[in-house]
Amino acid sequence: MTISRPVRKSSSSDDLAPKPYELIPFPKQKPTLKHPIGHDQYKRDRYHGSIELTLKVKTAVHVSTGIVALGTDVKSKVPLIKTMTQGTQQRLAIAGSSLKGAVRSVYETITNSTLAVVTGKYKDKLPRERLPCQKKTELCPASLVFGALDWQGLIQFSDAICQKAESVTGFMPSLYRPRPDEYQGYLQNGKAAGRKFYYHAIKAVDGGQQGIPVQQAGSEYVFTTQLQFKNLADAELGALLIALGQDQNYPFALKVGGGKPIGMGTMTVEISSISAFQDVRDRYRQYS
């Protein structure tokens, strides 16, 4: 598969500067739309249960709360700092919705699904069949599992909690909005070329003292969380595990939070345990 790399021309020369991402082309085949299985009962031919996940930070992670606080409030030496969510005992937390979104973006790509959300003035640049599902009776593979308009989905992510009560201060350079009209490769024949995925970096770029101070989880910090699922078919559970980076032949890390263009947000996923059952009676045996 040939993947075009979006590039831009330098203001001082005709040299082409590489970008920190690739665009994965949309499949030519339209997504297959199906009726969801429902939430009314545990289906005997489906899988139900939970997965305990351990996430390890490889490059600094910052999931912003949108709040700027005094540095002393988070034990930082800078005057002001953009904060992350903190749970009990001041442990950093990553919202389950943030993790769900990161995993869904991979799941959508490997299952030939529509996009989950489309906003902004470039909506008309997307292929029509890639727009979010609008009818709960006609859902793409990712929407069946992760949810869509009027459909809750079959999986839920709990918030991921850091295993130690500390954080570090980083300095994020100023980042700018995408400019599809200025880069080659974004559009092909007037339509979006594909889905954007950022590269995994060995180390994130630090903005130094000129950057924006941010509270973040440093390298090798460990978070734990739980994923609950119900009524998943064999293929859906398998695709979910692949989207979590568990394919032994093609392992990869997730990209979570802000700063992806400068290498931030890389987290590897390990499965600590899986509790799954098919027979409904197994569900009730757990209470005895």
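Tabulated values for the structure
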| read-out | value |
| --- | --- |
| Near pairs, Cβ below 6 angstrom, 6+ apart or cross-chain, from region 33-60 (within 30 Å of P261 (Cα to Cα)) to any residue that is assigned to a strand (DSSP E or B) and of a type in the set (D, E) | T54/E270 |
| Failed criterion for L240 (all others in (1) farther than 27 Å from Q86 by Cα; (2) at pLDDT below 95 hold) | (2) |
| Residues of region 231-245 classified as surrounded by fewer than 16 Cβ atoms within 10 Å (Cβ to Cβ) and over 16 Å from S50 (Cα atoms), total | 1 |
| Restricting region 198-222 to residues that are touching a Ser or Thr at 6+ places or on another chain (Cβ under 8 Å), hydrophobic (A, V, I, L, M, F, W, C) and farther than 22 Å from Q86 by Cβ, the residue that is most open to solvent (accessible area, probe 1.4 Å) | I202 |
| Per-region count, region 40-52, residues open to solvent by less than 80 Å² (accessible area, probe 1.4 Å) and in a loop (DSSP other than H, G, I, E, B) | 3 |
| Residue match in region 223-240 (condition: under 19 Å from the mean Cα position of the chain (by Cα) and closer than 20 Å to Y21 by Cα) | no |
| Every residue from region 53-76 that is within 21 Å of F252 (Cβ to Cβ) and either surrounded by fewer than 17 Cβ atoms within 10 Å (Cβ to Cβ) or out of contact with any helix residue (DSSP H, G or I) (no Cβ under 7 Å at 6 or more places or on another chain) (or both) | L53, T54, L55, K56, V57, K58, T59, A60, V61, H62 |
| Some residue of region 82-92 being more than 18 Å from S158 (Cα to Cα) and small (G, A, S) | no |
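The values are calculated or read from the model by the stated rules, or taken from the named source; none is laboratory data. Every value quoted in this text rests on a predicted model; they were computed, and no experiment measured them. Cβ coordinates were reconstructed from backbone atoms using ideal geometry, including for glycine residues, and neighbour counts include every protein chain displayed. Areas reflect the complete protein model, heavy atoms only, side chains present, ligands, DNA and RNA absent. Shrake-Rupley method; radii C 1.70, N 1.55, O 1.52, S 1.80 Å.
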